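Below is one structure; the comments refer to it alone.
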């Protein structure tokens, strides 16, 4: 027989919790609504096929920025995936060693570093020494940002692989490296792929570190040693400008960005699950 | 023979792990090396200096430290109750069927990139805040300022805090709640017991959000007004460490200016590491 | 039995093929050229700097690209401070600034840098005051006091005195300035310092100053945008930004006492009769000329005297010669004043100094 007051308090608390979900979903709806409404209206064929026009002239598009973003996250993956996966393998194979503890600590540290600080670092090691802004420098900055996610996902997923699999491989005479690369890693692959896709989704939306690494480029380029346009930097440039047409294109760019990220996360969730099912004999 | 192969394996994979260590050490080293001029010239006075004057070469980081801490703390005050409310709702109160979709929706907030928040901030939030300021009689009613920054940061931090808090609550053994119910607790009182049990971890979750708010760059710089002043007013434009670096880095023409900016980056690096590590320690204690 | 490895390999090859298709094809440019010129591979030249001349530079680079399809001059408007910095760090091939490099900056550069004026422009005070539709007028000291934070309301006596007959509201003035290192700031502060000793003492002249009041926005674009959206705001931008975005801008009192509106004629008048030094670094604000607009300035392109990359140097010199001659006709359409002939002649001679 609980007192009325306590029951009211309990109810009120429950209502508050439900209310907070609404409060959180409200801005989400608000933002998505705006992005979709302005973005879809702003998209046209030119957006996907043309380069920016001279300042003040209406029209043009973000073709170079779209490809630029794809190139940048491709470069980021090129750096972060091998390093991250192999590091994750080491951490899961020798989890208690002093070295592993330090490396894990380092990955944790890296995870919390603001992306702009990573940008400063990338500027120092990849831009200044070669005296040029480049897509590669941008890829390095984004790769460093991806690294902790890939490492952590790999380590955790490898640990989840049933011990029986490993013991079976070792019992058949496989060396550690053979066991890992031929048996355990493939078993964990779908999950690791998810982690990579999630990490890609995260860095695709980064702007700050690109400001002083990949810089920006009005033209179409696939030369990795040159500055390159990116959706995020382009949206930023257009958003703070006074030109109406640029604002329109900024919304279109934002819409595309959000769709890309959503697509990556969806692929991570669903397509990978199918790979998982295919892997099982 | 297998021993040798295993040794190469260990060294080989270890080399990649060493690379990660190298990157982190490299960041710390580079940041320090590139801020030496400023460290030498200003010493500890840098952190107390209120003047940021590139013309006379006088640099002080206090306005940016103020803006960063103020905006992050405000964001915490706004986001923590909401984030915890969400965590509790999803893990304790909601019908099972709603759990996944609700969790997914809050994750969606986290997937929206900072620049999109900034874009929405400039064109939607700032005009709303401006109208609010006009109603409240703030002069001049700019719209850009600390309040806009705090609101955007709060929205961005909510998903992070709530998802970690949810993990914590999931790890609280059900015996805790059952014991509470057995003693005649109401729903909320049982939840309070669970929260109490996981409070270290929840504090860790809040701190993770805090760490995120400290380092946020783009969304903040687009709505905060970029004025290095120290004021408690919510409506006045202010400046954060990350924002000043983003705005002035590519154009710090003389070495001292650049070093002063990088020294701010160094501080940001150290603070965010400290907060993040502390929060992970707290979270691991409850989930490990 | 399914072969998972083959399936994932297939997926990978599909993705790789898609990527190659995307990278390999080159979409239509805004101009009609779609192929690399037969003359050779594409060469890209990176430059950065002032937002002041960005509208005309982007037009010029676009036009030059049309006539020389294998040349891409990629210019990023990050502010004059950025132009000077990145050129000195040699991360870009050329810079652009409206605040000329001072002696110390030139000394600290790794090699000698030359200034080349490209066009003339004017910095105008823009404002957004609901209810005020007529053009306002400011004297230098009044503007200085607004930016010093001493004049805080639009109906202040000083402003009213200079604007008889205009009904000014009691709205607070929202001061907007640049948050990045800006030549436009340099020009504006140069003028204010010449007309207000207080301003000179308290703020001074530089691309980045310590602002007593106000909100910072990035680039000429950012200032225009912020003033556009903030009722009661005042800002300073290059003329074309005010015109392109249809924002009201004020007339400013010149040395002779007349209130002049920025225009091609008044900006050209500011440069008339000014002795051009050999290094082309000169200030034409607060000009003596009767009809001169007082906040006018040259804007410069910065090049190394002895560039290491000779191929790019040749192309850029060719571009510069074009810009100084044929390119000048684009200036008036975008409300920049073309360079006086005497200046162009002097520059064409000076270009020979660049060691190719």
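Every read-out reported here was derived from the displayed coordinates using simple, explicitly stated rules and does not represent laboratory data. Owing to the predicted nature of the structure, the values given are computational and were not obtained by experimental measurement. Using ideal geometry, Cβ is built from the backbone for each residue, glycine included, and neighbour counts are taken over all protein chains shown.
Below are the figures for this structure:
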| item | result |
| --- | --- |
| Sequence of B:8, A:251, A:220 once ranked by neighbouring C-beta atoms within 10 Å, starting from the fewest | B:8, A:220, A:251 |
| Counting DSSP beta bridges with both ends in the protein assembly as shown, the antiparallel % (nearest 5) | 60 |
| Whether the range A:67-126 is rounded, prolate or oblate, judged on the alpha carbon gyration tensor where a/c under 1.5 counts as rounded | oblate |
| Ascending count of other beta-carbon atoms within 10 Å, so fewest first, for C:344, C:203 | C:344, C:203 |
| Cα-based equivalent ellipsoid, the range B:200-247: semi-axes from gyration tensor eigenvalues, Å | 24, 13, 8 |
| Overall form of chain B per C-alpha gyration tensor (a/c, 1.5; a/b vs b/c) | oblate |
| √(5λ) per eigenvalue of the Cα gyration tensor, the protein assembly as shown, largest first, Å | 50, 34, 24 |
| q = 0.14, 0.17, 0.18 Å⁻¹: log10 I(q)/I(0) that the Debye formula gives for the range C:142-195, counting C-alpha atoms only | -0.44, -0.62, -0.68 |
| Spherically averaged projected area of the range C:69-220 from its Cα convex hull (nm²) | 11.5 |
| Residue exposure sequence - C:189, A:17, A:87 - by fewest surrounding Cβ within 10 Å | A:17, C:189, A:87 |
| Space enclosed by the convex hull of the alpha-carbon atoms of the range A:48-279, per residue, Å³ | 133 |
| Ratio Rg/Rh, restricted to the range C:164-313 and using Cα atoms, in which Rh is the Kirkwood radius | 1.00 |
| The range B:22-96, relative contact order in percent, only Cα pairs under 8 angstrom and at least six apart counted | 15 |
| Rounded, prolate or oblate (a/c below 1.5 giving rounded, otherwise prolate when a/b exceeds b/c) for the range A:161-243 by Cα gyration tensor | prolate |
| Measure of compaction for the range C:300-356 (Cα Rg per 2.2 N^0.38 Å) | 1.20 |
| Reciprocal mean inverse distance between Cα atoms of the range A:1-159 - Kirkwood radius, Å | 20.4 |
| C-alpha long axis of helix C:310-324 to longest principal axis of chain C, angle in ° | 40 |
| Two-decimal Rg to Rh for the range B:1-148 - Kirkwood Rh, Cα set | 1.15 |
| Highest-fluctuation residue, C:103, C:286, C:198 considered, GNM on chain C with Cα pairs under 10 Å | C:103 |
| Cα pair distances of the range C:196-281 binned at 5 Å [whole percent] | 3, 10, 16, 17, 22, 21, 9, 2, 1 |
| Convex hull volume per residue in cubic angstrom - Cα atoms of the range B:196-288 | 117 |
| Nearest 10 degrees, 0 to 90: helix C:219-229 Cα axis against chain C principal axis | 60 |
| With Cα atoms, 0 to 90° folded angle of helix C:54-67 axis to chain C main axis | 30 |
| Residue-averaged 222 nm ellipticity for chain B, from DSSP H runs of 4+ at -39500 (n - 2.57), nearest 500 | -24500 deg cm²/dmol |
| Directionally averaged projected area (convex hull, Cα atoms, the range A:2-42), nm² | 2.7 |
| Gap separating the Cα centres of the range C:238-314 and the range A:92-169, nearest whole Å | 51 |
| The range B:22-81-the range B:98-131 distance, computed between alpha-carbon centres (Å) | 28 |
| Value of relative contact order over the range A:48-279, rounded to a whole percent, pairs C-alpha under 8 Å and six or more apart | 28 |
| Largest-first principal axis extents of the Cα set of the range C:280-320 (Å) | 45, 16, 11 |
| Dimensionless Rg/Rh of chain C - Kirkwood Rh, Rg from C-alpha atoms | 1.07 |
| Inter-centroid distance (Cα atoms) of the range A:236-277 relative to the range C:125-186, Å | 41 |
| Helix-only mean residue ellipticity at 222 nm for chain C, each DSSP H run of n ≥ 4 adding -39500 (n - 2.57), per residue, nearest 500 | -11500 deg cm²/dmol |
| Calculated FRET value between residue C:329 and residue C:160, using beta carbons and R₀ = 41 Å, to 0.05 | 0.45 |
